[in-house]
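The values are calculated or read from the model by the stated rules, or taken from the named source; none is laboratory data. Predicted, not measured: the structure shown is a model, and the values here were computed from it. Don't worry about glycine lacking a Cβ; one is built from the backbone with ideal geometry, like all the others, and counts go over all protein chains shown. The area values use the complete protein model at the heavy-atom level, side chains included, leaving out ligands, DNA and RNA. Shrake-Rupley method; radii C 1.70, N 1.55, O 1.52, S 1.80 Å.
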Amino acid sequence: MSPDRDVDTDVDDVDADVIVVGGGPAGSAAAIALARAGQRVTIIDKATFPRDKCCGDGLTTGALRELQAIGFDPARVPSWKVTGDVWLRTPKGVSIAYPLPPGRGQYAAIAERQELDHQLVLMAKEAGATLLDGHAVTNVVARPSHIEVEAEGLGRLTARYLIAADGMWSPVRKHLGLTAAGYRGEWHAFRQYFSNVGPMAANDMFIWFEPEILPGYFWSFPLPGNRANVGFGIDRERVSVQDMKQLWPELLARPHIAEVLGPDAVAEGKHRAWPIPARIDDISLTAHRTFFVGDAAAATDVMSGEGIAQALLTGRWAAEAVLESAAAEGAGDPAAATAHYRDAVGNGLVADHRMSNLLKGMLASAAGVEFSVRFSGLNHWTRRNFARWLFEDYPRAQLFTPRRYHRRMFTQDGAYTDRPK
Ligand SMILES: Cc1cc2nc3c(=O)[nH]c(=O)nc-3n(C[C@H](O)[C@H](O)[C@H](O)COP(=O)(O)OP(=O)(O)OC[C@H]3O[C@@H](n4cnc5c(N)ncnc54)[C@H](O)[C@@H]3O)c2cc1C
């Protein structure tokens, strides 16, 4: 740890090249890439791992490909479950099963966050990062030549760069004075685990578009051992968070939902709720020597609320920006590094965010949902390709951004083709 020092003095001898605040998927992805490249990385997290994260636990093809690229082994996660079909149900009660391509790798999987995040942060340690968990960051000060981070029980630590992977409420953003007044996220979502669910919930993914919560939806995602992750999300502009408590038992009791969960399903403990930030095109992504990634950059998909893939991606992009600049000179060029990261996000996520926003508008009305589901469910070809698009097998706005096209984009295998499904 650094002793107190004259705060105005340049610092030659920093404690770490990069401090990562938050050891969720965004922070771990950044730390893994940096530590593997030889950077001295310290992850600070206020929680002690393994820790839970309120989430649907759904991994899209995009997330699976990122995990595979860093060498993550699904066998590390006992709750890893590759899903069967994906069922969508319209407000009028039309149910359509969307098959994911069989026998060609994994296109969607469920993995309990308590286990997934623990294994990711362990991978960062294995790569050489130092993990200081159980220490909340309490202050951040940006200096011309370095960053200072204060954390409970650790005192003050210094680094050349800071990666803020500290989630929806990003204390780093707050300490740097960049939090938008009154911002509480675009979505809010409930989650509860159930045991003893029936065979449908134990194998397939279900998404129910219930009229009161559009463009939000209710879900049931399968887990091993006849368990399921069940929950629902609402758009804060259309449904009040206060109404969610009352909606929860009402929605659970609906016959089509109760039938899928099965008569013997038992709720495990209490439900949890958490906001979901989704405004990557309207938030500061960097400050001097600081990169915001994952939920701290409001990077989740604004239509589905999925953010694990975006967390892994933005974490990696921030690491690549640091590495590129650090390769140039010891202390790096923060202006070039932060510009590099903003470009990566601009090219890689903003068009998809805008596309998702348009589609979310369509899903806000029952008629829009009926049209979208019936159209995408016209035949086997539309169903399969819609499922691949829904699970981010390729970028949401691919059709409108031909620069991102590559030859096998629409025909490529899923992730982990070497594993049994
Ligand atoms: C109910 C719900 C369901 C969801 N379902 C899905 C889904 O099925 N699929 C999907 O892809 N996405 C889903 N999401 C979104 C997804 O959970 C997030 O986008 C994702 O967790 C973002 O990862 P992250 O690494 O940015 O942040 P997080 O995973 O939130 O990690 C942030 C870390 O920062 C730490 N931290 C916070 N404050 C401090 C501090 N002061 N000092 C030090 N550390 C600190 C926290 O302890 C935490 O470990 C869901 C979200 C919700 C709320």
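Can you tell me which residue is least open to solvent (accessible area, probe 1.4 Å) among those in segment 168-185 that are within 8 Å of the ligand (Cβ to nearest atom) and part of a loop (DSSP other than H, G, I, E, B)?
Within segment 168-185, the match that is least open to solvent (accessible area, probe 1.4 Å) is S170.
Looking at D343 and the list (1) over 30 Å from V18 (Cα atoms); (2) modelled with pLDDT of 85 or more, which single condition is not satisfied?
(1)
Per-residue answers, yes or no, for (1) over 30 Å from V369 (Cα atoms); (2) aromatic (F, W, Y); (3) open to solvent by 40 Å² or more (accessible area, probe 1.4 Å):
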{"position": "A75", "(1), (2), (3)": "yes, no, yes"}
{"position": "P78", "(1), (2), (3)": "yes, no, yes"}
{"position": "L100", "(1), (2), (3)": "no, no, no"}
{"position": "I110", "(1), (2), (3)": "no, no, no"}
{"position": "L116", "(1), (2), (3)": "yes, no, no"}
{"position": "L131", "(1), (2), (3)": "yes, no, no"}
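Among S365, S325, which is the only one that is under 22 Å from W389 (Cα atoms) and either modelled with pLDDT under 95 or open to solvent by 20 Å² or more (accessible area, probe 1.4 Å) (or both)?
Numbers: S325 fails: under 22 Å from W389 (Cα atoms).
After ruling out the rest, the residue left standing is S365.
In segment 219-269, how many residues are modelled with pLDDT of 95 or more and assigned to a strand (DSSP E or B)?
Number of matching residues: 17.
Out of all the residues in segment 36-73, which are open to solvent by 50 Å² or more (accessible area, probe 1.4 Å) and more than 14 Å from the ligand (Cβ to nearest atom)?
The answer is R36, A37, G38, R40, Q68, A69, G71, D73.
On the given criteria, is L252 within 23 Å of M362 (Cα to Cα) and open to solvent by less than 50 Å² (accessible area, probe 1.4 Å)? Spell out how you get there, then give the answer.
Working: within 23 Å of M362 (Cα to Cα): no; open to solvent by less than 50 Å² (accessible area, probe 1.4 Å): yes.
No; evaluated as a whole, the condition is false for this residue.
For segment 310-322, what are the residues that are open to solvent by less than 30 Å² (accessible area, probe 1.4 Å) and more than 12 Å from the ligand (Cβ to nearest atom)?
Going residue by residue through segment 310-322, those that are open to solvent by less than 30 Å² (accessible area, probe 1.4 Å) are 310-312, 314-315, 318-319, 321-322.
Scanning segment 310-322 gives A319, A321, V322.
Return a yes/no flag: does segment 137-147 have any residue that is under 21 Å from K53 (Cβ atoms), within 11 Å of the ligand (Cβ to nearest atom) and among the polar types (S, T, N, Q).
Filtering segment 137-147 down to residues under 21 Å from K53 (Cβ atoms) leaves 137.
Checking the rest, the ones that are also within 11 Å of the ligand (Cβ to nearest atom) come to 137.
Still in the list and also among the polar types (S, T, N, Q): none.
Within segment 137-147 (the criterion being under 21 Å from K53 (Cβ atoms), within 11 Å of the ligand (Cβ to nearest atom) and among the polar types (S, T, N, Q)), the answer is no, since none of the residues qualifies.
Give segment 108-136 a look and list any residue that's within 14 Å of the ligand (Cβ to nearest atom), in a loop (DSSP other than H, G, I, E, B) and not aliphatic (A, V, I, L, M), or say none.
Result: E112, G134, H135.
Could you tell me which residue of segment 150-167 is nearest to M303 (Cα to Cα), considering only residues that are out of contact with any Lys or Arg (no Cβ under 9 Å at 6 or more places or on another chain) and more than 9 Å from the ligand (Cβ to nearest atom)?
Looking only at segment 150-167, we keep the residues that are out of contact with any Lys or Arg (no Cβ under 9 Å at 6 or more places or on another chain), and these are 153-155, 157, 163, 165.
Keeping just the survivors that are more than 9 Å from the ligand (Cβ to nearest atom) gives 153-155, 157, 163.
Details: G153: 40, L154: 40, G155: 41, L157: 38, I163: 26 Å.
Top of the filtered list is I163.
Would you check if there is a residue in segment 273-295 being among the polar types (S, T, N, Q), touching a residue at least 40 places away in the same chain (Cβ under 8 Å), crowded, with 24+ Cβ neighbours inside 10 Å and not in a loop (DSSP other than H, G, I, E, B)?
First, the residues of segment 273-295 that are among the polar types (S, T, N, Q): 284, 286, 290.
This time we only want the ones that are touching a residue at least 40 places away in the same chain (Cβ under 8 Å), so: 284, 286, 290.
Pick out the ones that are also crowded, with 24+ Cβ neighbours inside 10 Å and you get 290.
With not in a loop (DSSP other than H, G, I, E, B) added as a condition, the list becomes 290.
Yes, the conditions are met somewhere in segment 273-295.
Counting just the residues of segment 80-98 that are of a type in the set (A, V, I, L, M, F, W, C) and part of a strand (DSSP E or B), which one comes out most open to solvent (accessible area, probe 1.4 Å)? Give the derivation first.
Of all residues in segment 80-98, those of a type in the set (A, V, I, L, M, F, W, C) come to 80, 82, 86-88, 94, 96-97.
Then drop every residue that is not part of a strand (DSSP E or B), which leaves 82, 86-88, 96-97.
Values: V82: 29, V86: 2, W87: 79, L88: 8, I96: 26, A97: 26 Å².
Per the criteria, the residue is W87.
In segment 203-215, what count of residues is obtained for those that are within 12 Å of the ligand (Cβ to nearest atom) and surrounded by 24 or more Cβ atoms within 10 Å (Cβ to Cβ)?
Selection size over segment 203-215: 1.
Evaluate the following for Y107: is it closer than 19 Å to M205 by Cβ and in contact with a Pro (Cβ under 7 Å, 6 or more places away or on another chain)?
Numbers: closer than 19 Å to M205 by Cβ: yes; in contact with a Pro (Cβ under 7 Å, 6 or more places away or on another chain): yes.
Taking the combined requirement at face value, the residue satisfies it.
I want to confirm something. Restricting to segment 299-309 and keeping residues that are touching a residue at least 40 places away in the same chain (Cβ under 8 Å) and within 11 Å of the ligand (Cβ to nearest atom), which single residue is surrounded by the most Cβ atoms within 10 Å (Cβ to Cβ)?
Narrowing segment 299-309 to residues touching a residue at least 40 places away in the same chain (Cβ under 8 Å): 299-306, 308-309.
Pick out the ones that are also within 11 Å of the ligand (Cβ to nearest atom) and you get 299-301, 304-306, 308-309.
Details: A299: 27, T300: 27, D301: 25, S304: 26, G305: 26, E306: 23, I308: 29, A309: 25.
It comes out as I308.
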